[in-house]
Amino acid sequence: MNAQIALAVVGFAVTVWVAFLTLAAEATRRTRNASSLLVGRRQIASKLGLGAIERIGQHPASLTAQIWVLRVLTLAALCFTGWHLVSALIYE
């Protein structure tokens, strides 16, 4: 049972972490044009010859895809946590 509880705690920590990453990605998408950080990243990438890759990474469609992937990962981590919590209760 202790292993199930430990896995549930780790799963919960991962759920919270990925949820924060999802919120940060959503904020990045909303403030894409006004963000000085993203403008600076584009300028640095242009100087290094990686401007096209950075523009693709900051395109609204790719940011939306990133958000959806993070949402799915959050749901998967939450399901993992729930599974191990229920297993700890059942096999007590």
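Counting protein heavy atoms only, the chain has 73 percent of its accessible area on carbon and sulfur, 1.4 angstrom probe.
In a reduced charge model with +1 at each Lys and Arg Cβ and -1 at each Asp and Glu Cβ, the chain shows a dipole moment near 620 debye about its Cα centre. Once the Cα atoms are used to define both axes, helix 2-30 deviates from the longest principal axis of the chain by about 20 degrees.
The average projected area of the chain, computed from the convex hull of its Cα atoms over all directions, is 6.8 nm².
Average accessible surface for the chain: 71 Å² per residue, computed with a 1.4 Å probe over protein heavy atoms with every protein chain in place. Dividing the summed helix terms, -39500 (n - 2.57) for each DSSP H run of n ≥ 4, by the number of residues in the chain produces a 222 nm estimate of -30000 deg cm²/dmol to the nearest 500. Helix 60-90 and the longest principal axis of the Cα set of the chain meet at an angle near 10°.
Taking the charge dipole of the chain about its Cα centre, with +1 at Lys and Arg Cβ atoms and -1 at Asp and Glu Cβ atoms, the residue from Val16, Thr74, His59 reaching farthest to the positive side is His59. Against the chain, whose longest principal axis comes from its Cα atoms, helix 36-48 is set at around 70 degrees.
The values are calculated or read from the model by the stated rules, or taken from the named source; none is laboratory data. It should be emphasised that the depicted structure is a prediction, and the values quoted were computed from it without experimental measurement. Don't worry about glycine lacking a Cβ; one is built from the backbone with ideal geometry, like all the others, and counts go over all protein chains shown. Side chains included, ligands, DNA and RNA excluded: accessible areas come from the protein's heavy atoms. Shrake-Rupley method; radii C 1.70, N 1.55, O 1.52, S 1.80 Å.
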